[in-house]
Each structure stands twice: as structure tokens, then as C-alpha cells.
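These notes concern the structure reproduced below.
The values are calculated or read from the model by the stated rules, or taken from the named source; none is laboratory data. Small disclaimer: the values here were computed from a predicted structure and weren't measured. In this analysis, Cβ positions are derived from the backbone assuming ideal geometry, glycine residues included, and neighbour counts consider all displayed protein chains.
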Amino acid sequence: MKKKKIVIGNWKMNPETFKEAKELSEGIRKKMVGVKKTTAVVCPPHLYFMSLKPKNASTKLFYGLQNIAREAAGSFTGELSATMARNCGVTYTIIGHSERRALGETDDDVNKKVLLALKEGIKAVICVGESKVDEHAGHLTFIKNQIVTALKGVTTSDIGNVLIAYEPLSAIGAKNPITSYEIHQRNIFIKKVLCDLYGKAKAFDIPVLYGGSANAMNAKELVEGGEVDGLLVGRDSLKVDNFIAILKEMDSIS
Ligand code: PGA
């Protein structure tokens, strides 16, 4: 069965004012009426989350976080636990984005965060991706290690709440994504790693997204050509019309 396409907007440390964040969130929600099939998630900064997420559940737009703490509870200044997130109605969280890994987050940290998110029933969007491609396929070993470590201890019953976002570092915040052919190759490789861990039936149910310089112009080609289940979008999730245009491109894929 074909999976629903999913687009996740990672707002990163944007926008600078709550007013702009509210306009963005409400603008997307209003225009979501034109989006029929695609699942849409936005991940604003923690500080804005509670005020942006509507109290009633009737919205079609999901709200997620960009990160959670690696510890379940305790004295960790500045951190936000998975339990707190669950209690505040968080349904998705990005984990292990390369920009956080660049700040020192390890594969082991990612694994701890994934287990805590899943324990609370929060969907874990695990980011993986190589910083460079080498001719001896070292980048594939790198991606495999990231996935295997992130999923250590994740049971077959919890794997249904996992999404993998493949984001090659060279394409994040850049001018160009990698080609859909390359995305397809990585997608096949990621599926093989997941098959080895969870068996074919479960593995093929795990959504694999692509991220890095995705926009409304290239979204369809990247997803169709890469045979991925959707996109993790940075810059183009910060403008209502651009984000909606990406969602509509996803809707147009049969
Ligand atoms: P970008 O960011 O769409 O601005 O390249 C993607 C990401 O960092 O997830």
C-alpha cells in the first residue's frame, strides 16, 4: 500500500518574533484547506510551540519539536524532556539534525532521545546523512552506523513511530539538493539497513524522507525520482506560500 506523503517544516531558530511565528503558523493552517492528502508538520522553536499549537484537535497541521533532552528527568538546565513534550501534546520531534550533531550531539545521544520519544508515543524523525561521499563507500558505512546506533533497543512494536530523514550535509542550507538518482540510491541502501534490522514488511513501512534544499520547484522530482515518502524542509518552510506549494506538489503525486 502506498504511504501518505509527509512534509516536515524545520523552522530552526526562526522567526525572530512571536508575531511572525503566529502569522506563519496561522497562514499555513488557513491554506491547508487546499491540501488533501499530504501530512504536514511544522517544528517551531520550543518557546513558541504552546502558543502556536491550537487547543482543539481539528487542525490538519501537526506541530512538532526540533529536539528533546537525552535524559528522562532531573536537573538539566535548559532542557525539555520527552515526558514534558508528551504532556504538552507534542506528536513529532526531530532528533539528531546535523546542526545539533555539529554542536556535539553523538549517535549515542540520538539513541537515548529516540528511546525516550518512543516511550512517550512521540514520533521520532531521525536525521542521518554523510558529510562527504567517498569512493570506497565510506559514506554508506557512516549512514548505516548512524541508523543502527539510533535504533538500538527500538522494538518492532515501536518502529512504527520512527521516520528516517536522509539529509546529506552538502545539500542543507545550500543552493542545490543532490540528484534524485542519488537520493534513490541512498533510499535503497537505508531500506536495506532497515530490512536487516526489522525484516522487509516492517522496514518498508518506515517512512524515509529527504532533506536539503528542497523547494516547490524541485519537490516532486526529488520525491518521485528518489522514491522517498516526503521531505524535511528548512528555508522553504518559513514562507506560507512556499510551504503550501510544496504540500500541493506532494498532493499531486498519485
Ligand atoms: P534547507 O534545510 O531546506 O534549508 O536546506 C533542511 C534541513 O536542515 O532540514
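Among the residues of the stretch 168-189, is there at least one that is assigned to a helix (DSSP H, G or I), within 15 Å of the ligand (Cβ to nearest atom) and among the aromatic types (Phe, Trp, Tyr)?
no
Please count how many residues of the stretch 192-215 are more than 14 Å from the ligand (Cβ to nearest atom), small (Gly, Ala, Ser) and not in a helix (DSSP H, G or I). I'd like the intermediate steps shown before the answer.
Residues of the stretch 192-215 more than 14 Å from the ligand (Cβ to nearest atom): 192-208.
Still in the running and small (Gly, Ala, Ser): 199, 201, 203.
Right, trim to not in a helix (DSSP H, G or I) and you get 199.
Count: 1.
Being among the small types (Gly, Ala, Ser) and closer than 22 Å to Ser237 by Cβ is the filter; apply it to the stretch 59-93 and report the residue that is nearest to the ligand (Cβ to nearest atom).
Selected residue: Gly64.
How many of the residues in the stretch 119-143 are touching a residue at least 24 places away in the same chain (Cβ under 8 Å) and buried (at least 17 other Cβ atoms within 10 Å of the Cβ)?
Residues meeting the conditions: 12.
State which residue is surrounded by the fewest Cβ atoms within 10 Å (Cβ to Cβ) when the search covers only the stretch 1-43 and only residues that are within 16 Å of the ligand (Cβ to nearest atom) and of a type in the set (S, T, N, Q).
Within the stretch 1-43, the match that is surrounded by the fewest Cβ atoms within 10 Å (Cβ to Cβ) is Asn14.
List pairs: first residue in the stretch 233-254 and over 20 Å from Lys3 (Cα atoms) and among the β-branched types (Val, Ile, Thr), second residue at pLDDT 95 or above and buried (at least 21 other Cβ atoms within 10 Å of the Cβ) anywhere in the structure, Cβ distance under 6 angstrom, at least six positions apart or on different chains.
Correct list of pairs: Val240/Ile28.
Select, from Gly225, Gly212, Gly230, Gly199, the only residue that is within 22 Å of Lys60 (Cβ to Cβ), modelled with pLDDT of 95 or more and of a type outside the set (Val, Ile, Thr). Lay out the reasoning, then the answer.
On the way: Gly225 fails: within 22 Å of Lys60 (Cβ to Cβ); Gly212 fails: within 22 Å of Lys60 (Cβ to Cβ); Gly199 fails: within 22 Å of Lys60 (Cβ to Cβ).
The conditions single out Gly230.
Here is a list: Pro45, Pro54, Pro15. Which entry is more than 20 Å from the chain's Cα centre (by Cα) and not hydrophobic (A, V, I, L, M, F, W, C)?
Numbers: Pro45 fails: more than 20 Å from the chain's Cα centre (by Cα); Pro15 fails: more than 20 Å from the chain's Cα centre (by Cα).
The match here is Pro54.
Considering only the stretch 150-159, how many residues are surrounded by fewer than 17 Cβ atoms within 10 Å (Cβ to Cβ) and among the β-branched types (Val, Ile, Thr)? Reasoning before the result, please.
Here is the first cut: in the stretch 150-159, the ones surrounded by fewer than 17 Cβ atoms within 10 Å (Cβ to Cβ) are 152-153, 155-157.
Then drop every residue that is not among the β-branched types (Val, Ile, Thr), which leaves 155-156.
Matching residues across the stretch 150-159 total 2.
What's the number of the condition Ile164 fails, among (1) part of a helix (DSSP H, G or I); (2) within 16 Å of the ligand (Cβ to nearest atom); (3) among the aliphatic types (A, V, I, L, M)?
Failed condition: (1).
Restricting to the stretch 94-112, count the residues that are more than 12 Å from the ligand (Cβ to nearest atom) and crowded, with 24+ Cβ neighbours inside 10 Å. I'd like the intermediate steps shown before the answer.
We begin by selecting, within the stretch 94-112, every residue more than 12 Å from the ligand (Cβ to nearest atom); these are 95, 103-112.
Retained after the next criterion (residues that are crowded, with 24+ Cβ neighbours inside 10 Å): 95, 110.
Within the stretch 94-112, residues that are more than 12 Å from the ligand (Cβ to nearest atom) and crowded, with 24+ Cβ neighbours inside 10 Å number 2.
For the stretch 144-170, what are the residues that are farther than 21 Å from Lys200 by Cα and either free of Cβ contacts under 8 Å to residues at least 12 places away in the same chain or under 14 Å from the mean Cα position of the chain (by Cα) (or both)?
Step one: of the stretch 144-170, the residues farther than 21 Å from Lys200 by Cα are 167-170.
Once the filter is applied, which keeps residues that are farther than 21 Å from Lys200 by Cα and either free of Cβ contacts under 8 Å to residues at least 12 places away in the same chain or under 14 Å from the mean Cα position of the chain (by Cα) (or both), the stretch 144-170 yields Glu167, Pro168.
Return the residue satisfying two criteria in turn: it lies in the stretch 216-246 and is surrounded by fewer than 20 Cβ atoms within 10 Å (Cβ to Cβ) and within 17 Å of Tyr166 (Cβ to Cβ), and of such residues it is nearest to the ligand (Cβ to nearest atom).
Asn218
Which residue out of Lys22, Lys53, Lys3 is among the basic types (Lys, Arg) and touching a residue at least 60 places away in the same chain (Cβ under 8 Å)?
Being among the basic types (Lys, Arg) and touching a residue at least 60 places away in the same chain (Cβ under 8 Å) holds for just one of Lys22, Lys53, Lys3, which is Lys3.
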